[in-house]
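**Q** Structure below; questions to follow.
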Amino acid sequence: MQQFELIAFDIDGTLTRSKSAIDDEIAGLVCQLLEKYKVLIISGASYSQFQWQILDHLSCPSEKLKSLYLLPVDGTVMCFDEGSWRCEADEELSEEEKSEIRKAFGQALERTDVSKPEKIYGDRIEDRGSQMNFSALGQGAPLELKEKWDPDNSKRAHMIEALKQLLPNFSFHIGGTTSIEVTRLGVDKAYGLKKFSKFSNIPFNKTLYIGDKLFEGGNDAPVLTLGIECQVVKDLEETKKVIVGLLG
């Protein structure tokens, strides 16, 4: 296997099920990876979600956590451990941009055949600063309902086609199980990884990216444009096998 310096992961569908915490086995494997590699986790999620999904469940030695890097909101936020976690963030979307995106989601739902669910669990649109995230069933929907709603991603792909017409100056990606992520044009996981490569001096040919949405329109797909070696996984059980292979 190629010698890598950095192993990069998506969260939902890769290290965890949608909006769930990592299990004990994944937590242990990540700690073992930190013995051999630098590890980066990138997602559209906010830093607070990284905390309860990932950080709260890691029991690695504190010195090893200095080799772990978190890139919330597709890398528009970069966090690292300096004895305590510190984050640096890009400029957020303006209130005008956020309002424009909220309005466009309503229009896109009207223009498509995506029916409104019988019940919405909390807010459907989450403000993540430099990203707006749409969750079709609401941010607090039960996982079993979310996994059944759009398993082939077709509903969200249809919505994105409408959104592109309404918001030509923004980028859209399918994330999680029911989500659509909206950022300024050109802001995606490729943006975040380029930013991190410049910060760390780790070249792309020394990086392995592991994710479940490397298909066209998926929020991992922009990574493919960088020439980084990518490993697609269908769920966290496949991710565990990949990590075991990396540990040798």
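**Q** Just checking, how many residues over segment 52-74 are in contact with a strand residue (DSSP E or B) (Cβ under 8 Å, 6 or more places away or on another chain) and under 26 Å from I174 (Cβ atoms)?
**A** So the count comes out to 9.
**Q** Given the structure, is T112 touching a His at 6+ places or on another chain (Cβ under 7 Å) and among the hydroxyl-bearing types (S, T, Y)? Break it down stepwise before answering.
**A** Details: touching a His at 6+ places or on another chain (Cβ under 7 Å): yes; among the hydroxyl-bearing types (S, T, Y): yes.
Yes; evaluated as a whole, the condition is true for this residue.
**Q** Can I ask one more? Can you confirm whether G129 is more than 23 Å from R17 (Cβ to Cβ), part of a loop (DSSP other than H, G, I, E, B) and in contact with a Leu (Cβ under 8 Å, 6 or more places away or on another chain)?
**A** Working: more than 23 Å from R17 (Cβ to Cβ): yes; part of a loop (DSSP other than H, G, I, E, B): yes; in contact with a Leu (Cβ under 8 Å, 6 or more places away or on another chain): yes.
Answer is yes for this residue.
Values in this text are rule-based calculations from the coordinates and carry no lab data. Computed from a prediction, not measured in an experiment: that's the story for all the values here. We place every Cβ from the backbone using ideal geometry, glycine too, and count neighbours over all the protein chains shown.
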